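Quick note: the coordinates plus some simple rules give every number you see, no bench work behind them. On a predicted model such as this, the values are computed, not experimentally measured, just so you know. Don't worry about glycine lacking a Cβ; one is built from the backbone with ideal geometry, like all the others, and counts go over all protein chains shown.
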Amino acid sequence: MANGNPEGRTAAALPGTGPAAAPASARRGLLRDVRHLALFTGKRLLALFLTVVVGVYLTIIIANMGGQVDELRMAQIQSEVAEQVRGDPAFHDLDSEERQELMQRQIDLEVERLRLDEPFIWRSFDYLRQAIFLDLGRAEEMHSDAGSRQVYNIIVERLPATLLLFGTANLLVFFVSVFAALSLSRRYGSRVDQGVIALAPSSAAPGWFYGIFLILIFAFIWPLLPSGGMVAVPPPEDPWAYAASVIRHMALPVGAMFISQIFISIYSWRTFFLIHSSEDYVEMARAKGLPDHLVEQRYILRPTLSPIVTSFLLMLIGLWSGAIILEQVFNWPGLGTLLFEAIGHRDTPVIIGSVVIFAYLLAATVFLLDFLYAILDPRVRIDGGSQ
């Protein structure tokens, strides 16, 4: 009998099982997910931060040759002070001993300003702290176009040019390669497919190698495009004319990077598509009568985006190493050219600052990669746990 039997109570009457318990359970689940995400983010940021710290510190040691650069700086300071004193008419009436004392005082002041009187090992940790917090100091030889000697201003002035050039080239390579590889996966064994396979080894040559030939052909034999620079001299005042000039100057370096990467990218990603197109769930989708474009989008393209994005980002990281030579070949005023000039001038603050910016860019790329995995493929859990 229901009235006398406690077991006859309905589920709605049991504590914690009513409709009000569902929102509470959802909130607890949401808080748990937020904690997992925060913990994962903190671990990844800490790991990447330690990697950046180690890389930047090694750069400081190498750029200063373990402190040997201090001797070169001392010799340079002595030479500059001596020339300054000898060239100043106000000091001509001083005898040699007074002039020597004056030069020594100025040398001591400059040495104290640069902290060259302190052990290098202590200064290296101070350099590391400043570099990590982007307090990059003052350049020794170089300056920005606006005349600033602050390393941060010099780098910020050059960074947009590098991001524009490499961002345009790599986005073009990515989208063209994905659509071309997907198309070739439907034409396996065709002449076009065989041609791409034959041309894939051509990507072994870096972009600057093809850039030399493109300059020779399209800037000298057939002078259709400028051989270098970022914009015409003098720069056009009209914004549209300025943009058109930048596009013309970008054509050859973008083309060089495109040629050096396109065939190997198409070949690699076509292989990913071929592997996934033979899966059972793809055959089942086709057996159900789904259109080919839906099968490709839902069952082939989506699962392969994770390894494709990984391959693309690794390729992008590798391209940074060729930025110095490529920008030098095309006289492109970016970070690569800046780093080359800084090495030539032995401008250690600019060298370290450029490496710090590259390190942060690469760390941000790796950090975003884990979240892209989870967005592109729901089977991947960013916290490393099971579904």
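Which one of SER265, MET315, LEU326 is farthest out on the positive end of the charge dipole of the range 160-346, using unit charges on Cβ (Lys, Arg +1; Asp, Glu -1) and the Cα centre as origin?
SER265
Can you figure out the FRET efficiency of LEU172 with LEU294, using R₀ = 30 Å and their beta-carbon distance, to the nearest 0.05?
0.65
Equivalent-ellipsoid semi-axes (√(5λ), Cα gyration tensor) for the range 160-346, whole Å, largest first?
38, 17, 16
Treat the count of other C-beta atoms within 10 Å as a stand-in for reagent exposure and order GLU98, GLU157, GLU327 from fewest to most.
Fewest to most other Cβ atoms nearby, the residues stand as GLU98, GLU157, GLU327.
Quick one: if you stick a label point 7 Å off each Cα along the C-beta vector at ILE217 and ARG286, how many nm between them?
In this crude spin-label approximation the distance works out to 3.7 nm.
Just order 286-292, 296-302, 259-265 by mean Cβ neighbour count inside 10 Å, highest at the front, would you?
259-265, 296-302, 286-292
Packing-wise, with mean Cβ within 10 Å as the measure, how do 343-352, 141-150, 171-180 rank, highest first?
So the order, starting with the most tightly packed, is 343-352, 171-180, 141-150.
Just to check I understand the Karplus step: with θ = phi - 60° and J = 6.51 cos²θ - 1.76 cosθ + 1.60, what whole-Hz values come out for the range 51-62, glycine and proline as x?
With coefficients 6.51, -1.76 and 1.60, one gets 5, 5, 4, 5, x, 5, 5, 4, 5, 4, 5, 5 Hz.
Quick one: length gained pulling THR51 to LEU369 fully straight, 0.36 nm per residue minus the C-alpha distance?
Difference between extended and current length: 112.9 nm.
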